[in-house]
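Heads up: the structure comes next, in structure tokens.
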């Protein structure tokens with residue numbers, strides 16, 4: 001299910017991401033935020049982005065703030081691994 005979600009982060013609708021056996025349902029606002037945070041990443045990095053988001057959300061109560069922080073943290077980690085902007 002994460003593979004399908006990775007392709008949908010950049011475009012169409014994204015409903016659920018699965019973390020082990022428990023799907024996580026995001027609100028439209030949370031999905032929009034994840035799409036925005038994934039936008040500057042290369043398409044090859046987006047699956048890793050979602051994997052990191054799910055890792056950071058594990059054991060947390062899912063809300064706008066936790067999704068935002070998990071997305072920011074995942075984006076920052078990927079940027080450290082391979083910067084996408086050249087200064």
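The values are calculated or read from the model by the stated rules, or taken from the named source; none is laboratory data. These figures come from a predicted structure and were not determined experimentally. Please note: Cβ atoms are built from the backbone with ideal geometry, for glycine as well, and neighbour counts cover all protein chains shown.
Residue pairs whose Cβ atoms lie under 7 Å apart, separated by 6 or more positions or on different chains, with the first residue in the stretch 64-87 and closer than 13 Å to residue 49 by Cβ and the second at pLDDT below 95 and assigned to a loop (DSSP other than H, G, I, E, B), are 67/26; 78/41; 84/40; 84/41; 84/42. Against the criterion of being modelled with pLDDT under 95, loosely packed, with under 13 Cβ neighbours inside 10 Å, part of a helix (DSSP H, G or I) and touching a helix residue (DSSP H, G or I) at 6+ places or on another chain (Cβ under 9 Å), residue 76 does not qualify.
Condition test on residue 70, is it part of a helix (DSSP H, G or I), surrounded by 12 or more Cβ atoms within 10 Å (Cβ to Cβ) and at pLDDT 95 or above?
Working: part of a helix (DSSP H, G or I): yes; surrounded by 12 or more Cβ atoms within 10 Å (Cβ to Cβ): yes; at pLDDT 95 or above: yes.
Considered against the rule, which asks whether it is part of a helix (DSSP H, G or I), surrounded by 12 or more Cβ atoms within 10 Å (Cβ to Cβ) and at pLDDT 95 or above, residue 70 comes out as yes.
Any chance the stretch 6-20 includes a residue that's in contact with a helix residue (DSSP H, G or I) (Cβ under 6 Å, 6 or more places away or on another chain), part of a helix (DSSP H, G or I), surrounded by 17 or more Cβ atoms within 10 Å (Cβ to Cβ) and modelled with pLDDT of 90 or more?
no
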